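A short worksheet on the structure shown next.
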Amino acid sequence: MAVLGVVVVALAAFVAFLLVKPVDAVGATAAPRPTASFAEASARFGEVAQREEARGNLLPACRSKLLSSGARTARVVVLFHGYTNCPQQFEQLGEQLAAKGFNVYIPLAPEQGEADREHSTLGDLTTAELIDYGNESLDIAAGLGDRVTVLGLSGGGAVAAYLAQTRPEVDLAVPVAPYLGLPWAPEWLTPALVNVADLLPPIGIGTSESAASGSGTYAPYASFDNNTRSATAYMRLGLITLAGAAGSPPAAGRTLTVVNEADDTVNNGTIDRLAGRWRSFAPGSTDEYRFPAALKLPHDLVGPDRVDQRVSEVYPVLLDLVGEP
């Protein structure tokens with residue numbers, strides 16, 4: 001019994017340590033380098049395209065996309081796709097924005113978009129990579145338009161929120177159902193989940209392609225290689241953003257959070273917490289939009305390839321929130 005007691009106490013102490021241990025802070029590995037002209041931005045996009053070509057293992061539909069008028073525009077929109085997804089998710093919405101007169105950039109997130117959807121490098125994803133990805137995407141966008149809007153869904157929403165907090169080049173940030181935490185985990189538990197994931201190798205939490213086949217809820221370009229390490233890379237980014245928002249206003253000119261009240265994949269309470277912190281510093285430039293639960297929208301309310309998708313209802317709302325070019 002004494003040994004059991006020691007084990008129980010040790011486990012309790014370890015759990016307490018995980019709860020109070022600060023999540024390891026990470027930053028960008030390179031300083032921001034915003035482009036100053038359309039030509040410079042196009043050249044930097046060319047570098048991204050060459051880098052993706054050199055990988056040799058990407059689905060063609062998943063490469064970064066630049067929908068441009070061929071010249072700098074008044075406004076440019078960067079669309080950040082969701083976790084385990086790729087730029088194809090946003091292509092139809094991007095085309096509608098481009099038709100209105102925006103330049104549109106849809107960058108591929110690191111370690112995603114691979115042709116082998118079950119065995120990818122997603123387990124290698126780090127928060128530092130996500131920060132570099134967000135910064136590089138914004139740097140390219142700076143030369144594509146006079147004012148930059150960043151709009152992201154889920155994991156892409158977390159990237160958009162981070163840029164809203166840290167980069168003054170952002171005119172408008174629209175995080176849509178940003179993945180800042182799990183729906184069943186209170187905010188105080190999130191750091192412990194991230195700390196545990198840091199201690200363990202990536203643990204697969206996805207499904208197989210054969211099991212998903214015919215379900216109609218997986219896009220033909222989405223990854224099945226969901227795992228604990230990559231999932232918590234996004235959660236750490238959310239914690240970094242929340243911590244920043246607790247002490248300083250967002251760097252973006254305006255923020256507009258979008259909540260899907262029917263969402264069972266992300267923590268809407270944590271999204272509201274972030275919006276509340278932004279509002280406390282900048283009440284005049286912080287807004288929100290809520291898709292009501294009665295619509296029963298899926299978490300991925302942008303990708304057109306789900307059988308339960310309602311893009312005919314969602315796209316007009318998002319286009320209206322972005323505004324005119």
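So the values come out like this:
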item: Looking only at the range 118-141, and only at residues there that are crowded, with 24+ Cβ neighbours inside 10 Å and of a type outside the set (S, T, N, Q), the one that is nearest to residue 26 (Cα to Cα); result: 130
item: Top-ranked residue in the range 225-259 [being without any contact (Cβ under 8 Å) to a residue 40 or more places away in the chain and hydrophobic (A, V, I, L, M, F, W, C); ranked as surrounded by the most Cβ atoms within 10 Å (Cβ to Cβ)]; result: 243
item: Residue check, residue 75 of a type outside the set (Gly, Ala, Ser), surrounded by fewer than 16 Cβ atoms within 10 Å (Cβ to Cβ) and under 22 Å from the mean Cα position of the chain (by Cα); result: no
item: When residues of the range 199-218 are limited to those that are of a type in the set (A, V, I, L, M) and at pLDDT 85 or above, the one surrounded by the fewest Cβ atoms within 10 Å (Cβ to Cβ); result: 199
item: Search result, residues across the range 270-290 that are assigned to a helix (DSSP H, G or I) and of a type outside the set (A, V, I, L, M, F, W, C); result: 270, 272, 273, 276, 277, 279, 280, 283, 284, 285
item: Residue 144 in contact with an Asp or Glu (Cβ under 6 Å, 6 or more places away or on another chain) and buried (at least 19 other Cβ atoms within 10 Å of the Cβ); result: no
item: Subset of the range 150-193 [in a loop (DSSP other than H, G, I, E, B) and either among the charged types (D, E, K, R) or surrounded by fewer than 24 Cβ atoms within 10 Å (Cβ to Cβ) (or both)]; result: 167, 168, 169, 182, 183, 184, 185, 186
item: Residue list for the range 268-308, restricted to those being buried (at least 19 other Cβ atoms within 10 Å of the Cβ) and among the acidic types (Asp, Glu); result: 300
item: Residue count for the range 5-49, restricted to those that are among the charged types (D, E, K, R) and either in a helix (DSSP H, G or I) or modelled with pLDDT of 95 or more (or both); result: 4
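The values are calculated or read from the model by the stated rules, or taken from the named source; none is laboratory data. Quick caveat: nothing in here was measured; it's all calculated off a predicted structure. Positions of Cβ are backbone-derived with ideal geometry, glycine not excepted, and every protein chain shown enters the neighbour counts.
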